[in-house]
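The values are calculated or read from the model by the stated rules, or taken from the named source; none is laboratory data. Bear in mind that the values here come from a model prediction, so they are computed numbers and not experimental data. We place every Cβ from the backbone using ideal geometry, glycine too, and count neighbours over all the protein chains shown.
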Ligand code: NAI
């Protein structure tokens, strides 16, 4: 009948819509520092992400090889390598998401703040270019010290008149990934959920360095009812020192790169899903915030078509977490102010 023919045609056209390119929007992602320890595996993971249509790999050296290599993978994203400052504009133009893992990593005995002098300048110059070439892109800041580099980025964007606080994110996902892993190893959560790490959740708030990293194990799901206060303290310390654990194990060859690339890919994917209008995308991130008296703070954030839709509150804290929160504020405040001062003075 005519009716069933129309129904068939309707089904065919909605199938076409499902698979046509306009059902998955074009999205360009740029990675700045793409030839580095984080940049290379992150380039690989973003090449595997079906939400990415264009992948721009930028560094001061070495991106031609990374781009040729990753570009041979038969997934959707078109890959291009860009090298040197004169190609930075082309790398950035049209980007929806810019991920920044550029800069030096820690060596044993160093704190993240020891990286400040080198990385602050790198972040400042890269953000100046972002303001010029892709001012409305979502920025995922990985370069350390995140507690200072995010405020630096905000000042650079303010000066350029392009600052949108909804689009600037410090990537703290690795702290969440570590908290989930350590928690699952320790808590006697039901085995079914244990096997699927993805079902375990632990919010991590504050900042991204030492005691400013505050995992909220009291809010972990599924609840680890058998955890003692001592267990929680040990898990908290291991999460705070997770980066140092890797730095020491690598003995001078850098800091976390593979787990960081994984975490960076998770966070960028969440940003892309938000941009594409997927509902209920929530991740922890270090953002401009008014949930405490500090101007930047990491907490759960709901992501949407324009970046941050809502910075979620901390929820109920245990006494131990309340104490951790008060203890971290002076250090986090100082790191934020150091970043702002650097950007204003330079
Ligand atoms: P890496 O030294 O292996 O790679 C850094 C890359 O940045 C190099 O390829 C270098 O050429 C490039 N670079 C330097 N100056 C640049 C510039 N002006 N423009 C573009 N690229 C530039 O270091 P790795 O291990 O990849 O770490 C990168 C950063 O990520 C470090 O600051 C590190 O502390 C940070 N990090 C952050 C984490 C987080 O959780 N947010 C976790 C682990 C590391």
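The table below gives the values:
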| quantity | calculated |
| --- | --- |
| Checking residue 312 against (1) within 12 Å of the ligand (Cβ to nearest atom); (2) over 25 Å from residue 185 (Cβ atoms), the condition it does not meet | (1) |
| Residues located in segment 82-94, provided they are more than 11 Å from the ligand (Cβ to nearest atom) and either within 21 Å of residue 213 (Cα to Cα) or surrounded by fewer than 23 Cβ atoms within 10 Å (Cβ to Cβ) (or both) | 86, 89, 90, 93, 94 |
| Of residues in segment 270-289 being in contact (Cβ under 8 Å) with a residue 24 or more places away in the chain and farther than 15 Å from residue 96 by Cβ, the one surrounded by the fewest Cβ atoms within 10 Å (Cβ to Cβ) | 282 |
| Residue count, segment 241-268 (criterion: outside any loop (DSSP other than H, G, I, E, B) and surrounded by 20 or more Cβ atoms within 10 Å (Cβ to Cβ)) | 11 |
| Pair list, Cβ < 6 Å and 6+ apart or interchain, from segment 22-42 residues that are more than 15 Å from residue 271 (Cα to Cα) to residues that are more than 16 Å from the ligand (Cβ to nearest atom) and at pLDDT below 95 | 23/17 |
| Flag for residue 323 being more than 17 Å from residue 170 (Cα to Cα) and free of Cβ contacts under 8 Å to residues at least 40 places away in the same chain | yes |
| Any hit, segment 104-121, residues being assigned to a strand (DSSP E or B), crowded, with 16+ Cβ neighbours inside 10 Å and more than 10 Å from the ligand (Cβ to nearest atom) | no |
| Which listed residue is closer than 23 Å to residue 337 by Cβ and in contact with a helix residue (DSSP H, G or I) (Cβ under 9 Å, 6 or more places away or on another chain), from 79, 123, 98 | 123 |
| Failed item in (1) modelled with pLDDT of 95 or more; (2) assigned to a helix (DSSP H, G or I), with residue 205 passing the rest | (2) |
| Test: residue in segment 14-26 that is in contact with a strand residue (DSSP E or B) (Cβ under 9 Å, 6 or more places away or on another chain) and either at pLDDT 95 or above or surrounded by fewer than 24 Cβ atoms within 10 Å (Cβ to Cβ) (or both) | yes |
| Segment 240-264: number of residues that are within 12 Å of the ligand (Cβ to nearest atom), in contact with a strand residue (DSSP E or B) (Cβ under 9 Å, 6 or more places away or on another chain) and within 14 Å of residue 204 (Cα to Cα) | 1 |
| Hey, residue 297 touching a helix residue (DSSP H, G or I) at 6+ places or on another chain (Cβ under 6 Å) and within 16 Å of residue 203 (Cα to Cα) or not | no |
| Hits in segment 165-188 (condition: part of a loop (DSSP other than H, G, I, E, B) and free of Cβ contacts under 8 Å to residues at least 60 places away in the same chain) | 187, 188 |
| Index of the failed condition, residue 153 passing every other in (1) touching a strand residue (DSSP E or B) at 6+ places or on another chain (Cβ under 9 Å); (2) not in a helix (DSSP H, G or I) | (2) |
| Members of segment 54-79 that are more than 9 Å from the ligand (Cβ to nearest atom), touching a strand residue (DSSP E or B) at 6+ places or on another chain (Cβ under 7 Å) and under 21 Å from residue 267 (Cα atoms) | 54, 55, 56, 57, 70, 77, 78, 79 |
| Total residues in segment 292-310, condition assigned to a loop (DSSP other than H, G, I, E, B) and closer than 19 Å to residue 340 by Cβ | 4 |
| Qualifying positions in segment 130-149 - over 16 Å from residue 206 (Cα atoms) and assigned to a helix (DSSP H, G or I) | 130, 131, 132, 133 |
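Conditions (1) over 15 Å from residue 286 (Cβ atoms); (2) within 16 Å of the ligand (Cβ to nearest atom); (3) modelled with pLDDT of 95 or more, marked per residue:
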residue	(1), (2), (3)
124	yes, yes, yes
143	no, yes, yes
149	no, yes, yes
167	no, no, yes
178	yes, yes, yes
185	yes, no, no
192	yes, no, no
